Amino acid sequence: MHVNDCPYEIDGQPYLGKLVFDASSGAHRPIVVMAPNWMGVSEEAVEQAKLIAGDRYAIFVADLYGRDRRPKSVAEAGPLAEALKDDPKEHRRRMAAALRVATENAASSGVGDPRRRAAIGFCLGGKSVLELARSGADISAVVSIHGDLTSSLPASRGDLIASILALHGSEDPIAPKAQRDVFEAEMQGAGARWQLMVFGGVLHAFTDPDADVPGIAKYEPAATRTSYLLTHAFLHDAFAGAAA
């Protein structure tokens, strides 16, 4: 599995994403921007990208904080994540830049098909990909996995081009039932093509093997397996529709 550094700038500030792909087949595959959890571009995020990419996708791990901001603890990650969550316009700008750089690098490397693009995100990254969709980005699909579902700039009718899948734990206190209801109303009002799967009894961060915060976050292997299966099926259908 290849991992290429992809440096870029936003307003003169340095960022560094990672392009992950299996070059053995040489095929042009869909380009998927992966927005990681609040720990940003980490070794764990790259390993997760490898797992998802397989021989299916060229995955770009988006840098949402900047090249010189690599949190080493949740105490360092928290303020960086909250600043983005509180500024959806900036959040969308950084995701748009990641999508542009992902497309350019995957296409120039000969491994990505710029006609088939999507985004997937975890925790903070789940919110990131939803903000990208709300911006009207021209991509086939986004998948939010245990992400923050709402925005202070909700989508209006006609804003959303991408199909949307949200995978969520019923007991997630970060985005509880009230937030799911707001998300559903937003998607309906915007005329989106959307799906929401709720895993009963599951907490936040259920795909993270290290998650273990009583009452807040807990790894759930069955929900993780189902989430990945649903994600692959959802993206397959979205890309098939884009090619039709």
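What follows is calculated from the coordinates using simple rules that are stated; it is not laboratory data. These numbers were taken from a predicted model, which means no experiment stands behind them. Neighbour counts run over all protein chains shown; Cβ positions are idealised from the backbone, glycine included.
Quick notes
- Applying 1/(1 + (r/R0)^6) with R0 = 22 Å to the Cβ-Cβ distance of Ile216 and Arg70 gives a FRET efficiency near 0.40.
- Backbone amide hydrogens, once placed in the peptide plane, bring Asn37 within less than 5 Å of Phe122, Gly125, excluding anything fewer than 5 places away on its chain.
- Shown is the FRET efficiency for Asp5 and Val198, computed with R0 = 35 Å from the Cβ-Cβ distance and rounded to the nearest 0.05: 0.40.
- Our coupling estimate for the stretch 114-119, obtained by passing each phi through the Karplus curve with A = 6.51, B = -1.76, C = 1.60 and θ = phi - 60°, is x, 7, 10, 9, 8, 9 Hz, Gly and Pro reported as x.
- Paramagnetic label zone (point 7 Å from Cα along Cα-to-C-beta, Arg115; backbone N under 18 Å) in the stretch 131-163: 138-141
- Mean-position separation - Cα centroids, the stretch 151-173 and the stretch 35-100, in angstrom: 18 Å
- Note on the chain: antiparallel DSSP beta bridges, both residues inside, total approximately 35 percent of the bridges counted.
- Structure-derived semi-axes √(5λ) of the Cα gyration tensor in Å - corresponding label in [x] 40, 17, 16; [y] 37, 20, 15; [z] 24, 21, 19: [z]
- Residue-span extension gain [Asp181 to Ser152] - 0.36 nm each, minus C-alpha spacing: 9.0 nm
- Computed lengthening from Lys89 to Ala27, 0.36 nm per intervening residue step minus Cα-Cα distance: 18.8 nm
- Span-like helix ranges in the chain, DSSP H, alpha carbon extent 18 angstrom or more, Kyte mean at least -1.0: 88-108, 177-190, 221-243
- Cα-Cα over 22 Å, subset of Lys85/Lys177; Lys72/Lys177; Lys177/Lys218; Lys127/Lys177; Lys50/Lys85; Lys89/Lys218: Lys72/Lys177; Lys50/Lys85; Lys89/Lys218
- The overall shape of the stretch 125-235, judged from the alpha-carbon gyration tensor, is prolate: a/c is not under 1.5, and a/b is greater than b/c.
- The calculated FRET efficiency for Asp138 paired with His236, based on their beta-carbon distance and R0 = 22 Å, is about 0.70.
- Residue (of Leu203, Gln179, Ile216) at the positive-pole extreme of the stretch 149-219, dipole from beta-carbon charges: Gln179
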